[in-house]
1. Please enumerate, by chain and number, the lysines with C-alpha under 27 Å from the C-alpha of K59, excluding those fewer than 8 residues away in the same chain.
2. Tell me, what is the FRET efficiency for D33 and K114 to the nearest 0.05, using R0 = 30 angstrom and their Cβ-Cβ distance as r?
3. Starting from 0.36 nm per residue, how many nanometres of slack lie between S9 and L138 once their C-alpha separation is accounted for?
4. Modelling each spin label as a point 7 Å along the Cα-to-Cβ direction, I'd like the L90/N2 distance in nm, to one decimal.
5. Quick check: the distance between the Cα centres of segment 119-146 and segment 2-37, to the nearest angstrom?
6. On each of the three principal axes of the Cα atoms of the chain, give max minus min coordinate, whole Å, ordered largest first.
7. Give me the extension gain from T125 to K50: residue separation times 0.36 nm, minus the current Cα-Cα distance, reported in nm with one decimal.
8. Find how much the distance from R100 to N80 grows on full extension, using 0.36 nm per residue of separation minus their present alpha carbon separation; answer in nm with one decimal.
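Please treat every number below as a calculation from the coordinates, not as lab data. Note that the structure is predicted; figures quoted are calculated from it, not measured. Cβ: placed from backbone, ideal geometry, glycine included. Neighbour counts: every protein chain shown.
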Amino acid sequence: MNHTIKHISATEAHAVRHPVLRAGKPIESCIFDGDDLNTTFHLGAFIENKLVAVCSFFKCKHPLLPEEFQYQLRGMAVLNEYQNLGLGQLILNHGEVLLRTQNIQIIWCNAREKAIGFYKKMDYTIIGDAFNIEHIGLHYVMYKTL
Ligand SMILES: CC(C)(COP(=O)(O)OP(=O)(O)OC[C@H]1O[C@@H](n2cnc3c(N)ncnc32)[C@H](O)[C@@H]1OP(=O)(O)O)[C@@H](O)C(=O)NCCC(=O)NCCS
């Protein structure tokens, strides 16, 4: 598939986060603390100039993980009609490669229960117990050594 992956702004990321991750909720629910920090970056996948997939990377340590240099993946979202075409894998791989060049040791995320299979395919491992995020559902912390 002909695609390009580029750095995008937080506002661009919100436009895909909204229908995929916060459908029916106010756009403000798509704004994450730290979206505009200079240590945060957002990637977008474009097909014919249309932004169809996004993910964001935040400098953030998880208490269950001992490594000093960690990033958190947030807002992993592919527009419904573009899912299962390999774009999620491509965009996340791209971010992981960038983090490796910055000597980041580990990436982690709060994975929705229904996305666990995707992260397992991407070589992420569950750590700790399931927990609930209000209005969204069960999540697991998943991580990958870079
Ligand atoms: C989860 C999501 C990001 C995956 O992106 P995608 O582009 O659809 O996935 P890909 O096509 O890159 O899939 C890569 C591999 O993971 C598998 N996979 C994708 N989604 C999966 C899922 N929900 N469960 C199990 N396996 C899954 C694919 O079958 C593929 O496997 P293969 O390499 O053997 O063919 C995307 O489907 C999405 O945005 N879903 C809704 C929002 C969401 O749940 N986001 C994650 C929040 S934590």
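1. K6, K25, K114, K120, K121, K144
2. Details: r = 24 Å, r/R0 = 0.81.
According to the calculation, E is roughly 0.80.
3. Values: separation 129, 0.36 × 129 = 46.44 nm, distance 2.86 nm.
Going from the current span to full extension adds 43.6 nm.
4. Calculated label separation equals 1.2 nm.
5. 20 Å
6. Its Cα atoms span 41, 36, 29 Å along the three principal axes.
7. On the way: separation 75, 0.36 × 75 = 27.00 nm, distance 3.20 nm.
Working it through step by step, the gained length comes to 23.8 nm.
8. Working: separation 20, 0.36 × 20 = 7.20 nm, distance 2.93 nm.
Contour length minus Cα-Cα distance gives 4.3 nm.
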